[in-house]
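Remarks on the structure that follows.
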């Protein structure tokens, strides 16, 4: 077979044009602009260049690129909390935490904290594992199943008169009632249902978070919540 020179620049330009068209279609169909948030910790010169190139690529494709800077001495807990907020933000469709990170931060914890559906690098164990064994189709199927179940849960919560935040992630944020979040959270835990109290998050006072699971797990959650809401005044 004769050798063939691969033109990387031409291929990159082809992909940029394709992505630009897809972004325009999303804007026209859903009236939404895809958004990527890059988290940069510290002032690594190489990372600065890499992140700047990402920002320029987003702009060229018509996407919204956001750079979130954190100081080099940031505590691990603050970085993880920041990722939690990005996971919950419906306007953030992709998250990229620029590596390397300072020595006080465990890279593994950070990688595993990013919602797999927003994991742009593909480093999350779920995504890396599926890619490693050539099961990209399973990634797409899993995303579709989560989306379907999330929408079903959101509709059921609305039927229970529970305020729901729109999300494109693998969890749902909901507010059971004014001042009732703590009681509902504790009552759900007593039913063996794992939820997270998000009352400390900015703008999400009184909110709880539940991860979308299997249809059986989600039905069990909805049944437990219905029972709890009947018992706890909201």
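Considering only residues in the range 34-54 that are touching a strand residue (DSSP E or B) at 6+ places or on another chain (Cβ under 8 Å) and at pLDDT below 90, the one that is farthest from residue 70 (Cα to Cα) turns out to be 34. The residue that is farthest from residue 165 (Cα to Cα), among those in the range 73-98 that are touching a strand residue (DSSP E or B) at 6+ places or on another chain (Cβ under 9 Å) and exposed (fewer than 15 other Cβ atoms within 10 Å of the Cβ), is 78.
Remark: pairs (first residue in the range 38-49, assigned by TED's automatic domain parsing to the domain that holds residue 101 and without any contact (Cβ under 8 Å) to a residue 60 or more places away in the chain; second residue assigned to a helix (DSSP H, G or I) and surrounded by 17 or more Cβ atoms within 10 Å (Cβ to Cβ); Cβ separation under 7 Å; 6+ apart in sequence or on different chains) = 39/82; 40/47; 40/51.
The values are calculated or read from the model by the stated rules, or taken from the named source; none is laboratory data. All values reported here derive from a predicted model rather than from experimental measurement. Quick reminder, even Gly has a Cβ in these numbers, built from the backbone with ideal geometry, and neighbours come from all protein chains shown.
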